[in-house]
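Take a look at the structure set out below.
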Amino acid sequence: MDSPTSELRDIELESLSDSEVYKLLSIAVQPRPIAWVSTVGTDGVDNLAPFSFFNVASRTPPTLMFSIGERIGHPGRAKDTLINIEATGEFVVNIPARDHARAVTVSHETVESDIDEFVLASVEKRDSTKVRPKAVANALVSLECTLLQTLPIGTDTVVFGSVVAATVRGDAVDERLYSDPDAGLWLARLAGPYYSAVVGGVHQDAEGSEPRGADR
Ligand SMILES: Cc1cc2nc3c(=O)[nH]c(=O)nc-3n(C[C@H](O)[C@H](O)[C@H](O)COP(=O)(O)O)c2cc1C
């Protein structure tokens, strides 16, 4: 087989199935940060699930956004995370560390709403400071949110949350609110079944693409 070249190739979106378009988007937009979202149901059961269609929506006031698709295997039905957020108006965005990769994967399983996914994924929880949903005890950062707005777009629903409290891990964020890009703590999502570990920062003024930590 010929090896791939850098020649440009237009893709007719109309010729692709919905799942192929999804594949293309998740290749184009990578690596993605991961919101490990904790919520609580009206029955009091804690829920935890990862979402990589996630980013900052506004810095002032501090606002996050992430997108929730339909329940896997049940088109037209909502995922527990959205049901809980709409019912309680609260959630916590936990940022997983590199060594959480396996637990993040386990917590993505679609299970009945009475299953506590912290327990399922063996993730330690702690009380949050201002909202009812629990936080991941050793997340790099936990951002407690109240629901600002939901915006349905096609099959997915974008959730906007106002950040009302923050907790950081001492080895991830220092007293001056700096984070060492070479510490290797951060985890990101790539297309398909892959994660990426952030293992070395490239300074924005660097001539080449040599990671800052390459000579350590
Ligand atoms: C790393 C990772 C990222 C994910 N990102 C998304 C996402 O952005 N949107 C989405 O709807 N599902 C995403 N999923 C799938 C959900 O986590 C999964 O459907 C989860 O079971 C939803 O759980 P819930 O029903 O408890 O809300 C992702 C899964 C993984 C492993």
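The table below gives the values:
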item	result
Relative contact order of the chain, pairs being alpha-carbon contacts under 8 Å that are 6 or more residues apart, as %	20
Relative packing of 131-144, 62-75, which averages over residues the other C-beta atoms within 10 Å, highest first	131-144, 62-75
Highest average packing first - 13-24, 36-47, Cβ atoms within 10 Å	36-47, 13-24
Pairwise FRET efficiency - THR129 versus TYR22, Cβ, R0 = 35 Å, nearest 0.05	0.45
Scaled radius of gyration (Cα, divided by 2.2 N^0.38 Å) that the chain gives	1.10
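Only the coordinates and a few stated rules stand behind these numbers; no lab work does. Just so you know, these numbers come straight off a predicted model, no measurement behind them. Cβ sites come from the backbone with ideal geometry, for glycine too, and all protein chains shown count toward neighbours.
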